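Q: Submitted below is the structure of interest, expressed as structure tokens.
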Amino acid sequence: MTRPSQDFFDPVSTQHTTWQPAQAQVTVNARCDARIVPSAASPEGARVAYSHVAVLDDFIDEPTRSSLLALLTAEGWDHSQGPPERKWERATADGAGLSRTWGLTHTALQELRNDSIPAMTEVQSRLAKLYPDFGICHMPSHAMQHAQSETLFLDGETDVGLVIRPMRCRAVLMDQDVLHRLSPPSKKAGPDDV
């Protein structure tokens, strides 16, 4: 078995924030993909494990959202032109023969990890405050090559799914192993849609 990249264990930077978890609105709190897994702690030797998906509206504020959007594109970027190719590329597809969709470049994703970006540090601080008993770490950039589009979640047992559309100031939190996929953003999407 190979050990995961060290990037999985790189804790995020945080700062003092006045934000409180009660300020976010839980829009969806779902558990799916139930599986029976071994458990030494259970008298039966097994337990039911679920994947969880939570959607928080008003997780970030408008100034933080605007700063992140400028970071992901460019200050004053004309969003009617599509994403800037310096930070975005058409390098992913959902299957053989399908059109490639936009995703952030590896370099752009690495820039998001920069400790000197106040908007990112604020988001990371809010996550740390939301989950004080857990370590929040960066995911390797190659594991999330496109974002800012609707996310589809599937419960493999029942073939029932959830569709979470992007919305201003929304965060989607999930177990890393929940079955999901991102859809490409609409060509009509603009800066007010994310």
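Taken together, the values in this text are just the output of simple stated rules run on the coordinates, not laboratory data. Note that the structure is predicted; figures quoted are calculated from it, not measured. When we count neighbours, we look across all protein chains shown, and the Cβ atoms used for this are built from the backbone with ideal geometry, even at glycine.
Q: How charged is the neighbourhood of Val172? Take every other residue with its Cβ under 12 Å from the Cβ of Val172, and add Lys/Arg as +1 and Asp/Glu as -1.
A: On the way: positive: Arg165, Arg170; negative: Asp57, Glu150, Asp175.
With Lys, Arg at +1 and Asp, Glu at -1, the net is -1.
Q: Which length gain, in nm to one decimal place, applies between Ala93 and Gln20 when the Cα-Cα distance is subtracted from 0.36 nm times their residue separation?
A: On the way: separation 73, 0.36 × 73 = 26.28 nm, distance 3.79 nm.
Stretched out fully, the Ala93 to Gln20 stretch lengthens by 22.5 nm.
Q: Kindly write out, for the range 37-53 in residue order, the coupling ³J(HN,Hα) from the Karplus curve 6.51 cos²θ - 1.76 cosθ + 1.60 (θ = phi - 60°), rounded to whole Hz, with x marking Gly and Pro.
A: 10, x, 8, 5, 7, 8, x, 7, x, 8, 8, 8, 10, 10, 9, 10, 10
Q: Taking the beta-carbon count within 10 Å as an exposure proxy, list Ile60, Ile136 from fewest neighbours to most.
A: On the way: Ile60 22, Ile136 18.
The order, fewest Cβ neighbours first, is Ile136, Ile60.
Q: Over the Cα atoms of the range 18-109, what radius of gyration and what Dmax do you get, in Å?
A: 20.4, 60
Q: Taking the simple approach of a point 7 Å from Cα along Cα-to-Cβ for both Val48 and Asp175, what is their distance in nm?
A: 1.2 nm
Q: Can you pull out the trypsin sites (Lys or Arg not before Pro) in the range 35-111 whose DSSP state is coil and whose Cβ has at most 14 other Cβ atoms within 10 Å? Before the final figure, lay out the partial values.
A: Numbers: sites: Arg35, Arg47, Arg65, Arg86, Lys87, Arg90, Arg100; in loops: Arg86, Lys87, Arg100.
Sites meeting the loop and neighbour criteria: Arg86, Arg100.
Q: Modelling each spin label as a point 7 Å along the Cα-to-Cβ direction, I'd like the Lys129/Ser80 distance in nm, to one decimal.
A: 3.8 nm
Q: Multiply the residue separation of Arg31 and Glu150 by 0.36 nm, subtract the distance between their alpha-carbon atoms, and state the gained length in nm to one decimal.
A: Extending this stretch completely gives an extra 41.0 nm.
Q: Please list, ordered by chain and number, the residues whose modelled amide H lies under 5 Å from the amide H of Ala46; skip anything fewer than 5 residues away on the same chain.
A: Ser39
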